[in-house]
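Novice: Right, I'll just put the structure down here and ask away after.
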Amino acid sequence: MSSVSTPVLNESGSTSATRPFYKRKPILIGGVLLLIIASALIWDEFFKYQFFAKRFGEVVPGEIFRSGQISVAMFEPTVRKHDIQVVIDLNGFDTTDSRQVNEVETSKRLGIEHYRYRLDGDGRGDITEYANAIEKLVECQETGKPVLVHAAGAHRTGGVVACYRMLLEDLPAEKAYKEMCSTDYGEVSKVACQFISTNISRISQKNSFNVASSKRCLRNFHR
């Protein structure tokens, strides 16, 4: 006849059978937290922008929009939803990037004007290209064409938008930089901010349009 052993209580009053679970509990909690963090990172990196336009936002409601490089799945729905008629692309063209190829082909199919003003990935670049991009933004507003300006992430788009804000809307530099560095659109490097700060006057002089007359024109357009 087998005997039933009685659990032995340790000094804390718990049994030796239950003690291992309590030892493992912090490990289990840590494992769950790591799984949640990993899932969030995977969603953000690989799946999020298949359902949402990357860093999409309005600069001037209904007129000027900004974003990162929009995925193949979201480009056409996004431009249709906002009736975008002009796209300003600040990337260099990479024929191996399916998102860029799709953007060019879809724009052509939908009759959307597509312009490319190449800037460096860190937000610096040819100030003439900066000036041309801003000039095209103004032209789109004056002709009533909703326009999307974008690059791959944050630096170039943020730089062009900041210049537009300061030159055409007289937004104080600190507020323009604050928007430029907003985490809603991705963190912008100090290099990009310094480049804009150093070159904003030169960029304004490169524009073929007159800043003062363009301001008056836009004010009349918005009345």
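Novice: Accessible area per residue, 1.4 Å probe, Å², for the stretch 91-170: what's the number?
Specialist: Solvent-accessible surface per residue comes out at 39 Å².
Novice: Another question, then. Short version: ³J(HN,Hα) in whole Hz for each residue of the stretch 50-57, in order, from phi by Karplus 6.51 cos²θ - 1.76 cosθ + 1.60 (θ = phi - 60°), x for Gly and Pro, what are they?
Specialist: Residue by residue, the stretch 50-57 yields 7, 10, 9, 5, 4, 6, 7, x Hz.
Novice: For the cross-link pairs Lys54/Lys190; Lys81/Lys190; Lys108/Lys175; Lys54/Lys145; Lys145/Lys206, which exceed 31 Å when the distance is taken from alpha carbon to alpha carbon?
Specialist: Lys81/Lys190; Lys108/Lys175
Novice: Could you derive backbone 3J(HN,Hα) for the stretch 173-180 from the dihedral phi with the Karplus parameters 6.51, -1.76 and 1.60 (θ = phi - 60°), listing whole Hz in sequence and x where the residue is Gly or Pro?
Specialist: Once rounded to whole Hz, the list reads 3, 5, 6, 5, 5, 5, 5, 4.
Novice: For the stretch 67-178, what's the relative contact order in percent, using C-alpha pairs closer than 8 Å and at least 6 residues apart?
Specialist: Taking the mean separation of contacting Cα pairs over the length of the stretch 67-178, I get 34 percent.
The values are calculated or read from the model by the stated rules, or taken from the named source; none is laboratory data. Given the structure is predicted, the values throughout are model-derived calculations rather than measurements. Side chains included, ligands, DNA and RNA excluded: accessible areas come from the protein's heavy atoms. Shrake-Rupley method; radii C 1.70, N 1.55, O 1.52, S 1.80 Å.
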